[in-house]
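Report on one structure; see the data block that follows.
The values are calculated or read from the model by the stated rules, or taken from the named source; none is laboratory data. What you see is a predicted model, and the numbers here were worked out from it, not measured in a lab. Cβ atoms come from the backbone with ideal geometry, glycine included; neighbour counts cover every protein chain shown.
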Number of protein chains: 2
Amino acid sequence: MTEFELIARFFTRPSRERQGVGDDCALIDVGGRTLAMTCDMLIERRHFFADVDPESLGHKALAVNLSDLAAAGATPRCFLLALALPRADERWLEAFAAGMFGLAEQFGCELIGGDTTRSPEWNQTSGPLTICITALGDVVPGPALSRAGARPGDDLWVSGTLGDAALALAFAAGAAAETDDRDACMARLERPTPRVRLGEQLRGLATAAIDVSDGLLGDLTHIGERSQVGARLRWADVPLSPALRRQSAALQQRCALAGGDDYELLFSAPPEKRPQVLAAGQLAGINVTRIGEIVAGRSIVVLDAGGGNMETPFSGFDHFKA
Amino acid sequence: MTEFELIARFFTRPSRERQGVGDDCALIDVGGRTLAMTCDMLIERRHFFADVDPESLGHKALAVNLSDLAAAGATPRCFLLALALPRADERWLEAFAAGMFGLAEQFGCELIGGDTTRSPEWNQTSGPLTICITALGDVVPGPALSRAGARPGDDLWVSGTLGDAALALAFAAGAAAETDDRDACMARLERPTPRVRLGEQLRGLATAAIDVSDGLLGDLTHIGERSQVGARLRWADVPLSPALRRQSAALQQRCALAGGDDYELLFSAPPEKRPQVLAAGQLAGINVTRIGEIVAGRSIVVLDAGGGNMETPFSGFDHFKA
């Protein structure tokens with residue numbers, strides 16, 4: 001059973017709200033306004049290394065939630081923090097709080113509540129540090145962005161560059177050629193920038209959006225599933241950092257197509273909106289790149305430089321493939 | 001450093017919202033309406049036994065959040081579920097979902113999102129099952145209830161009976177006299193009833209409210225702290241179940257004064273509102289009992305049957321005591 005099958009089978013029920021389970025954010029209407037909300041749990045050894053810098057961890061724990069708000073085009077407003085700590089280490093807490101509030105203040109997003117507890121004893125040691133943040137954002141003016149709404153003929157766009165977070169993990173695992181890029185990639189993994197300003201600009205412009213947290217092909221599959229469409233991706237157009245370009249072709253593909261944790265926005269928009277999309281990127285201060293288009297059907301195809309079907313070992317991410 | 005000191009020092013910042021860190025719920029105003037929200041994390045071996053019945057666990061994980069909404073006088077609306085599972089056990093998931101949705105449907109509270117992940121490996125075994133629910137409620141008509149607002153001269157009230165959940169733990173630890181009450185007490189511990197309907201009735205009536213999760217004296221201390229008042233409690237008036245009355249006087253006091261997890265509502269109201277408070281209890285289908293009064297100053301005193309100061313080993317919960 002995959003994560004998505006499990007959610008579909010046990011935790012998906014019809015809802016009166018504007019948007020329930022199955023997107024980056026839930027949406028509820030309150031007094032004529034729309035609120036977006038999202039929740040992510042990060043657990044030691046599953047989502048981060050035990051020795052991760054606590055300031056980076058505080059940043060990232062909030063950033064992954066703000067990235068979900070960005071994918072809904074929501075403006076961050078406030079958040080709740082649930083924290084299970086193995087111990088009350090003041091220096092650690094100070095650094096964690098500094099990283100978290102540093103990012104929060106950048107987006108005017110306030111901590112308004114939560115829960116603090118102690119990790120349980122677990123086989124003679126402390127159980128994992130666990131962080132669960134719930135973030136809320138305002139969608140004004142609407143409508144919110146969602147994974148549904150992509151239409152055949154739409155352009156497919158992505159912000160920034162893809163694959164650097166996965167390259168950081170490859171460096172850590174000794175699976176990448178040693179270059180001077182290690183620290184820069186680690187910064188992208190540990191301190192991602194949620195594309196909040198871009199998400200706000202894309203409201204009313206993008207037809208569908210998602211943040212790239214499961215990998216480009218995986219997240220494109222989520223858009224395909226919710227929008228009932230397929231996609232054609234041009235590998236040569238996928239934006240790669242100079243750091244990733246210095247690696248082997250195989251690693252470039254693995255990191256950029258299947259690597260998660262980049263927290264860029266992947267979105268679709270009608271071709272006639274190209275000037276507005278480019279302007280949105282400029283206003284938000286981040287490059288946006290056209291990497292393909294939405295097509296009818298349910299196949300997700302990656303084209304090589306010659307326009308042929310590129311075989312990638314990562315197509316397994318697409319369980320709709322014909 | 002206690003939990004409360006840690007929160008005060010690292011995680012309390014001024015906020016523009018109606019109510020931030022420090023109460024049962026945060027409150028935000030949206031389009032002329034007020035939303036209450038709360039978040040609780042439950043971790044295996046910290047908050048529940050590893051072999052707990054999954055249906056009861058699903059019930060309780062949501063109930064503790066609905067109890068926080070009740071303490072704010074909010075009507076449950078929707079919730080997010082973050083879940084870290086050691087394994088995808090279908091029978092376990094089915095039972096957990098049945099318990100959770102059973103309670104959710106009772107209050108028209110819908111699951112609209114969340115996060116599902118796998119517990120990390122932890123010393124050759126799976127890490128703890130972890131559940132973090134964020135619940136939202138509507139406060140209409142307002143105002144919401146909070147811990148602040150109790151005034152000297154107010155009556156102090158509590159719903160239901162206190163100490164049964166703690167007695168269940170005493171049974172489990174072999175620290176209670178064996179009686180036939182074990183299962184009934186275990187049901188109160190494992191499947192608490194959030195006093196949602198009472199909370200709704202108390203809006204505009206109670207001057208302060210909190211749910212009893214840290215123990216009567218601990219939670220009364222929270223009201224005292226936020227309302228800047230003290231309290232006088234008459235031990236003889238504290239409502240005890242027949243089950244607890246069959247135990248020793250010492251165990252009665254420990255369970256009812258210091259035992260957590262009862263999820264009854266503790267609240268204050270002006271003496272002239274006694275008929276309305278009793279009517280609110282009747283409408284909500286739960287007994288409410290006057291157990292003392294709010295006083296000026298910051299002392300929390302427990303009076304014995306003769307009106308003298310009762311010495312209890314649990315007064316340590318009150319760090320304001322003169």
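Which of the following residues is in contact (Cβ under 8 Å) with a residue 60 or more places away in the chain, under 17 Å from the mean Cα position of the chain (by Cα) and more than 8 Å from chain A (Cβ to nearest Cβ): B:137, B:149?
Of the residues listed, the single one that is in contact (Cβ under 8 Å) with a residue 60 or more places away in the chain, under 17 Å from the mean Cα position of the chain (by Cα) and more than 8 Å from chain A (Cβ to nearest Cβ) is B:137.
Just for helices (runs of 4 or more DSSP H) wholly inside region A:221-322: which have at least 1 residues that are closer than 22 Å to residue A:153 by Cβ and touching a helix residue (DSSP H, G or I) at 6+ places or on another chain (Cβ under 7 Å)?
Result: A:274-284.
Could you pull out the residue among A:159, A:126 that is polar (S, T, N, Q), in contact (Cβ under 8 Å) with a residue 40 or more places away in the chain and away from chain B (no Cβ under 11 Å)?
Working: A:126 fails: away from chain B (no Cβ under 11 Å).
Being polar (S, T, N, Q), in contact (Cβ under 8 Å) with a residue 40 or more places away in the chain and away from chain B (no Cβ under 11 Å) holds for just one of A:159, A:126, which is A:159.
If residue A:112 satisfies every condition in (1) in the same structural domain as residue A:260 (by TED's automatic domain parsing); (2) β-branched (Val, Ile, Thr); (3) more than 28 Å from residue A:218 (Cβ to Cβ) but one, which is the exception?
Just one mismatch for residue A:112, condition (1).
Counting only residues that are at the interface with chain B (Cβ under 7 Å from one of its Cβ atoms) and of a type in the set (A, V, I, L, M), which one in region A:31-49 is farthest from residue B:120 (Cα to Cα)?
So, considering only residues that are at the interface with chain B (Cβ under 7 Å from one of its Cβ atoms) and of a type in the set (A, V, I, L, M), the one farthest from residue B:120 (Cα to Cα) is A:35.
Which is within 11 Å of chain A (Cβ to nearest Cβ) and in a helix (DSSP H, G or I), of B:28, B:7? Show your work before the answer.
On the way: B:28 fails: in a helix (DSSP H, G or I).
B:7 is the lone residue from the list that is within 11 Å of chain A (Cβ to nearest Cβ) and in a helix (DSSP H, G or I).
When the residues of region B:55-68 are narrowed to those that are over 17 Å from residue A:83 (Cα atoms) and under 11 Å from the mean Cα position of the chain (by Cα), which ends up nearest to the other protein chains (Cβ to nearest Cβ)?
Looking at the filtered set, the residue picked out is B:68.
What number goes with the only condition from (1) touching a residue at least 24 places away in the same chain (Cβ under 8 Å); (2) over 30 Å from residue B:30 (Cβ atoms) that residue B:131 does not pass?
(2)
Against the condition touching a Leu at 6+ places or on another chain (Cβ under 9 Å), farther than 30 Å from residue B:175 by Cβ and among the acidic types (Asp, Glu), how does residue B:272 come out, does it pass?
Judged against the criteria, residue B:272 is not a match.
Out of region B:57-94, which residues are part of a loop (DSSP other than H, G, I, E, B) and among the hydrophobic types (A, V, I, L, M, F, W, C)?
We begin by selecting, within region B:57-94, every residue part of a loop (DSSP other than H, G, I, E, B); these are B:72-74, B:86-89.
Selection gives B:72, B:74, B:88.
Within region A:112-171, take every residue that is closer than 30 Å to residue A:32 by Cβ and of a type in the set (Ser, Thr, Tyr) and give me the one that is surrounded by the most Cβ atoms within 10 Å (Cβ to Cβ).
Only one residue fits best here, namely A:134.
Among the residues of region B:62-87, how many are within 19 Å of residue A:130 (Cα to Cα) and either in the same structural domain as residue B:214 (by TED's automatic domain parsing) or touching a Cys at 6+ places or on another chain (Cβ under 6 Å) (or both)?
Residues meeting the conditions: 2.
Evaluate region A:230-246: report whether one residue or more is crowded, with 17+ Cβ neighbours inside 10 Å, over 18 Å from residue A:160 (Cβ atoms) and touching a Lys or Arg at 6+ places or on another chain (Cβ under 7 Å).
So far as region A:230-246 goes, yes, one or more of its residues are crowded, with 17+ Cβ neighbours inside 10 Å, over 18 Å from residue A:160 (Cβ atoms) and touching a Lys or Arg at 6+ places or on another chain (Cβ under 7 Å).
So for region B:139-160 (the condition being assigned to a strand (DSSP E or B), at pLDDT 95 or above and of a type in the set (Ser, Thr, Tyr)), does at least one residue qualify?
There is at least one residue in region B:139-160 that is assigned to a strand (DSSP E or B), at pLDDT 95 or above and of a type in the set (Ser, Thr, Tyr).
Report yes if residue B:98 is of a type in the set (Gly, Ala, Ser), assigned to a helix (DSSP H, G or I) and under 19 Å from the mean Cα position of the chain (by Cα), otherwise no. Working first, answer last.
On the way: of a type in the set (Gly, Ala, Ser): yes; assigned to a helix (DSSP H, G or I): yes; under 19 Å from the mean Cα position of the chain (by Cα): no.
For residue B:98, the condition - of a type in the set (Gly, Ala, Ser), assigned to a helix (DSSP H, G or I) and under 19 Å from the mean Cα position of the chain (by Cα) - is not met.
Condition check ((1) farther than 17 Å from residue A:13 by Cβ; (2) surrounded by fewer than 23 Cβ atoms within 10 Å (Cβ to Cβ); (3) more than 14 Å from the chain's Cα centre (by Cα)) across all residues:
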| site | (1), (2), (3) |
| --- | --- |
| B:53 | yes, yes, yes |
| B:70 | yes, no, no |
| B:75 | yes, yes, yes |
| B:86 | yes, yes, yes |
| B:107 | no, yes, yes |
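Looking at region B:168-184, which of its residues are aliphatic (A, V, I, L, M), in a loop (DSSP other than H, G, I, E, B) and touching a residue at least 60 places away in the same chain (Cβ under 8 Å)? Give the steps one after another, and end with the answer.
Of region B:168-184, the ones aliphatic (A, V, I, L, M) are B:168-170, B:172-173, B:175-177, B:184.
After this cut, where a residue has to be in a loop (DSSP other than H, G, I, E, B) as well, the list is B:173, B:175-177.
Within region B:168-184, B:175, B:176, B:177 meet the criteria.
Would you say residue A:97 is within 30 Å of residue B:69 (Cβ to Cβ), surrounded by fewer than 24 Cβ atoms within 10 Å (Cβ to Cβ) and at the interface with chain B (Cβ under 10 Å from one of its Cβ atoms)?
The answer is yes for residue A:97.
So which residues in region A:84-138 are under 30 Å from residue B:124 (Cβ atoms) and among the aromatic types (Phe, Trp, Tyr), if there are any at all?
Within region A:84-138, A:92, A:96, A:122 meet the criteria.
Here are some residues: B:165, B:187. Which one is closer than 24 Å to residue B:60 by Cβ, of a type in the set (Gly, Ala, Ser) and free of Cβ contacts under 8 Å to residues at least 40 places away in the same chain?
B:187
From the list A:97, A:88, which residue is of a type in the set (Gly, Ala, Ser), touching a Phe, Trp or Tyr at 6+ places or on another chain (Cβ under 7 Å) and farther than 20 Å from residue B:114 by Cα?
From the options A:97, A:88, the qualifying one is A:97.
Return yes when residue A:160 is outside the structural domain of residue A:279 (by TED's automatic domain parsing) and within 28 Å of residue A:79 (Cβ to Cβ) and no when it is not.
no
What number of residues in region B:10-25 are more than 23 Å from residue B:76 (Cβ to Cβ) and more than 7 Å from chain A (Cβ to nearest Cβ)?
Residues meeting the conditions: 2.
Every residue in region A:10-20 that is closer than 21 Å to residue A:207 by Cβ and in a loop (DSSP other than H, G, I, E, B), please.
A:18, A:20
Just a yes or no: is a residue in region A:177-185 in the same structural domain as residue A:223 (by TED's automatic domain parsing) and in contact with an Asp or Glu (Cβ under 6 Å, 6 or more places away or on another chain)?
Scanning region A:177-185 turns up at least one residue that is in the same structural domain as residue A:223 (by TED's automatic domain parsing) and in contact with an Asp or Glu (Cβ under 6 Å, 6 or more places away or on another chain).
Is there any pair linking a residue in region A:85-97 that is free of Cβ contacts under 8 Å to residues at least 60 places away in the same chain to one that is assigned to a loop (DSSP other than H, G, I, E, B), with Cβ under 6 Å and at least six apart or on different chains, and which?
Hits for this filter: A:86/A:119; A:86/A:129; A:88/B:1.
Need pairs with beta-carbon distance below 6 Å; first residue touching a residue at least 40 places away in the same chain (Cβ under 8 Å) and not assigned by TED's automatic domain parsing to the domain that holds residue A:162 and within region A:205-216, second β-branched (Val, Ile, Thr) and in a strand (DSSP E or B); sequence gap 6+ or separate chains.
If the second residue must be β-branched (Val, Ile, Thr) and in a strand (DSSP E or B), no pairs are left.
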